[in-house]
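Asks: The structure follows.
The values are calculated or read from the model by the stated rules, or taken from the named source; none is laboratory data. Just so it is clear, the structure is predicted and the values come from calculations on it, not from any experiment. With ideal geometry, Cβ positions are generated from the backbone for all residues, glycine too; neighbour counts draw on all protein chains shown. All accessible areas refer to the heavy atoms of the entire protein, side chains included, with ligands and DNA or RNA removed. Shrake-Rupley method; radii C 1.70, N 1.55, O 1.52, S 1.80 Å.
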Amino acid sequence: MKIINSTKIIFTAKSENESFARMAVTAFMSTVDPTVNELCDIKTAVSEAVTNCIVHGYNEKKGDVTIYARITDKRKIIITIKDRGCGIENIEKAQEPLYTTCTTGERAGLGFALMNELCDKVVVHSVLNKGTTVTLHKQLQ
């Protein structure tokens with residue numbers, strides 16, 4: 001599989017930039033004419049991953065989020081979302097539906113469940129106090 005196009009986006013970890021991130025990624029992938037459902041799936045998965053960086057990774061504190069988006073010659077999109085926040089202590093537990101570290105009751109704990117439902121593969125790598133990387137894989141029709 002060969003990468004035929006790629007982009008890198010870095011932005012401040014602020015809630016108002018979440019919509020920018022999802023729109024930038026879907027605009028980038030529109031070059032390969034995805035279906036509306038595929039665009040919606042990626043938009044939602046990216047939104048969840050970026051929100052996790054802002055809310056959980058940085059706990060609403062200062063930091064940057066980096067997104068690498070790649071398109072392969074086989075019409076597969078690979079999106080990597082990375083923060084340098086607090087990291088995830090237990091990745092397996094964090095991926096359980098309804099699990100959240102948010103203590104305010106404002107979060108449902110469904111981010112990873114949604115990402116896993118909408119993408120073909122989700123890979124999570126995290127190191128405490130160094131950050132988390134989430135890679136989303138989606139095969140386009």
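Asks: Is one or more of the residues making up region 43-52 closer than 14 Å to G131 by Cβ, touching a Gly at 6+ places or on another chain (Cβ under 8 Å) and of a type in the set (A, V, I, L, M)? Can you show your working first?
Replies: Of region 43-52, the ones closer than 14 Å to G131 by Cβ are 49-50, 52.
Now narrow it down to the ones that are touching a Gly at 6+ places or on another chain (Cβ under 8 Å): 49, 52.
Add one more test, that the residue is of a type in the set (A, V, I, L, M), and what stays is 49.
Checked region 43-52: at least one residue is closer than 14 Å to G131 by Cβ, touching a Gly at 6+ places or on another chain (Cβ under 8 Å) and of a type in the set (A, V, I, L, M).
Asks: I'd like to verify a number: residues in region 119-132 that are open to solvent by 30 Å² or more (accessible area, probe 1.4 Å) and within 25 Å of R75 (Cα to Cα), how many?
Replies: First pass over region 119-132, keeping only residues open to solvent by 30 Å² or more (accessible area, probe 1.4 Å): 120-121, 123, 125, 127-130.
Those left that are additionally within 25 Å of R75 (Cα to Cα): 120-121, 123, 125.
Qualifying residue count for the region: 4.
Asks: Would you point out which residue out of T7, T31, T26 is in a helix (DSSP H, G or I), open to solvent by less than 60 Å² (accessible area, probe 1.4 Å) and among the β-branched types (V, I, T)?
Replies: Numbers: T7 fails: in a helix (DSSP H, G or I); T31 fails: open to solvent by less than 60 Å² (accessible area, probe 1.4 Å).
Exactly one residue qualifies, and that residue is T26.
Asks: Let me ask something else about it. Counting only residues that are over 11 Å from T66 (Cα atoms) and at pLDDT 95 or above, how many does region 1-15 have? Show your work before the answer.
Replies: We begin by selecting, within region 1-15, every residue over 11 Å from T66 (Cα atoms); these are 1-6, 14-15.
Add one more test, that the residue is at pLDDT 95 or above, and what stays is 2-6, 14.
Selection size over region 1-15: 6.
Asks: Can you give me the number of residues within region 13-23 that are surrounded by fewer than 12 Cβ atoms within 10 Å (Cβ to Cβ) and of a type in the set (S, T, Y)?
Replies: Within region 13-23, the first condition is being surrounded by fewer than 12 Cβ atoms within 10 Å (Cβ to Cβ), and the residues that meet it are 15-16.
Retained after the next criterion (residues that are of a type in the set (S, T, Y)): 15.
Adding up the residues that qualify gives 1.
Asks: Continuing with this model, one more query. Checking the condition over 14 Å from T133 (Cα atoms), out of contact with any Gly (no Cβ under 8 Å at 6 or more places or on another chain) and among the hydrophobic types (A, V, I, L, M, F, W, C), which residue from A13, A21 passes?
Replies: Values: A13 fails: out of contact with any Gly (no Cβ under 8 Å at 6 or more places or on another chain).
Answer to the selection: A21.
Asks: Spot the failing condition for V36; the list is (1) farther than 18 Å from I10 by Cα; (2) free of Cβ contacts under 8 Å to residues at least 60 places away in the same chain; (3) within 14 Å of the chain's Cα centre (by Cα), and only one is missed.
Replies: (3)
Asks: Give region 58-74 a look and list any residue that's of a type outside the set (A, V, I, L, M, F, W, C) and either under 12 Å from the mean Cα position of the chain (by Cα) or under 19 Å from N116 (Cα atoms) (or both), or say none.
Replies: Keep residues of region 58-74 that are of a type outside the set (A, V, I, L, M, F, W, C), which gives 58-64, 66, 68, 70, 72-74.
Within region 58-74, T66, Y68, R70 meet the criteria.
Asks: From K74, K43, K61, grab the single residue that is in a loop (DSSP other than H, G, I, E, B) and more than 19 Å from V123 (Cβ to Cβ). Talk me through it step by step, then tell me what you get.
Replies: Working: K74 fails: more than 19 Å from V123 (Cβ to Cβ); K43 fails: in a loop (DSSP other than H, G, I, E, B).
The conditions single out K61.
Asks: Please indicate, with yes or no, whether at least one residue in region 98-111 is farther than 20 Å from I3 by Cβ and either assigned to a helix (DSSP H, G or I) or modelled with pLDDT of 95 or more (or both).
Replies: Initially, region 98-111 is screened for residues farther than 20 Å from I3 by Cβ, giving 98-111.
With either assigned to a helix (DSSP H, G or I) or modelled with pLDDT of 95 or more (or both) added as a condition, the list becomes 111.
Taking every residue of region 98-111 in turn, at least one turns out to be farther than 20 Å from I3 by Cβ and either assigned to a helix (DSSP H, G or I) or modelled with pLDDT of 95 or more (or both).
Asks: Within region 78-91, is even one residue among the β-branched types (V, I, T), modelled with pLDDT under 95 and either surrounded by fewer than 13 Cβ atoms within 10 Å (Cβ to Cβ) or not in a helix (DSSP H, G or I) (or both)? Quick ask: steps written out before the conclusion?
Replies: Filtering region 78-91 down to residues among the β-branched types (V, I, T) leaves 78-81, 88, 91.
Of the ones still in play, those that are also modelled with pLDDT under 95 are 88, 91.
Cutting the leftovers down to either surrounded by fewer than 13 Cβ atoms within 10 Å (Cβ to Cβ) or not in a helix (DSSP H, G or I) (or both) gives us 88.
Yes, region 78-91 contains at least one residue that is among the β-branched types (V, I, T), modelled with pLDDT under 95 and either surrounded by fewer than 13 Cβ atoms within 10 Å (Cβ to Cβ) or not in a helix (DSSP H, G or I) (or both).
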